[in-house]
Amino acid sequence: MINRRKALFQIACATLAASAASLAHADNKGKKVPPGQIKRQGNGAAKAIPPGQAKKWVRGDVLPADLKYDDILDLSGWKLKPPGAGNKYIKVDNEIYEIAKDTGKVVDAIGIVGDWLK
């Protein structure tokens, strides 16, 4: 009787360990994001980003054609270096981006407007 209990206990432990390992594997790839945070793909893994810290667009994104933004032409009031050749700075809501003039592709997500004012 004791050997049978021991065998059943070992089988139960092995089954539990196998299911825990599969859950841990699934948890790394399909992890749920807490409420109030967004899921952003980066470096092959999903990352939760707190609200207010997430940029709407990241490097390589192409901005929608109907997006309303303001060009930043006069850099004297900003702590910004001149944009690269063929690029320009824009302000979308409270964010600053450097984009390619011809394609609208985001070259760099600079940051929040208040951080870059002189």
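The values are calculated or read from the model by the stated rules, or taken from the named source; none is laboratory data. None of these values were measured; they are calculated from a predicted model. Cβ: placed from backbone, ideal geometry, glycine included. Neighbour counts: every protein chain shown. Ligands, DNA and RNA are stripped out before the accessible areas are found, and what is left, the full protein with its side chains, is counted by its heavy atoms. Shrake-Rupley method; radii C 1.70, N 1.55, O 1.52, S 1.80 Å.
With all protein chains present and a 1.4 Å probe, how do TYR69, TYR97 order by accessible area, largest first?
Numbers: TYR69 85, TYR97 0 Å².
So, going from the largest accessible area down, we get TYR69, TYR97.
With every protein chain kept in the model, how would you rank TRP57, TRP116 by accessible area, 1.4 Å probe, largest at the top?
Details: TRP57 45, TRP116 80 Å².
Descending order: TRP116, TRP57.
Only Cα pairs under 8 Å and at least 6 apart count here; give the relative contact order of the stretch 63-114 as a rounded whole percent.
29 percent.
Take TRP78 and ASN94, extend 7 Å from each Cα along the Cα→Cβ direction, and tell me the distance between the two endpoints in nm.
1.8
Whole number in Å², please: accessible area per residue of the stretch 78-118, 1.4 Å probe, ligands, DNA and RNA not counted. Show your work: numbers first, answer last.
Values: 2240 Å² over 41 residues.
Heavy-atom SASA per residue in the stretch 78-118 reads 55 Å².
Checking the cross-link filter: which aspartates and glutamates have an alpha carbon closer than 19 Å to that of LYS68, excluding same-chain neighbours under 8 positions apart?
Counting by Cα, and skipping residues close in sequence, LYS68 has these aspartates and glutamates nearby: ASP93, GLU95, GLU98, ASP102, ASP108.
Quick one: if you stick a label point 7 Å off each Cα along the C-beta vector at LYS101 and ALA85, how many nm between them?
Label at LYS101, label at ALA85, 1.3 nm between them.
Residue by residue through the stretch 78-86, what is 3J(HN,Hα) from phi via Karplus (6.51 cos²θ - 1.76 cosθ + 1.60, θ = phi - 60°)? Round to whole Hz and write x for glycine and proline.
Each residue's phi maps through the Karplus curve to give 10, 8, 10, 7, x, x, x, 4, x Hz.
Evaluate the distance, in nm, between pseudo-label points positioned 7 Å from the Cα of ASP61 and of LEU117 along their respective Cα→Cβ axes.
The answer from the label model is 2.4 nm.
Ranked highest first by the average count of other Cβ atoms within 10 Å around their residues, in what order do 60-66, 77-83 fall? Could the numbers behind the result be given before it?
Working: 60-66: 10.4, 77-83: 12.7.
Descending mean neighbour count gives 77-83, 60-66.
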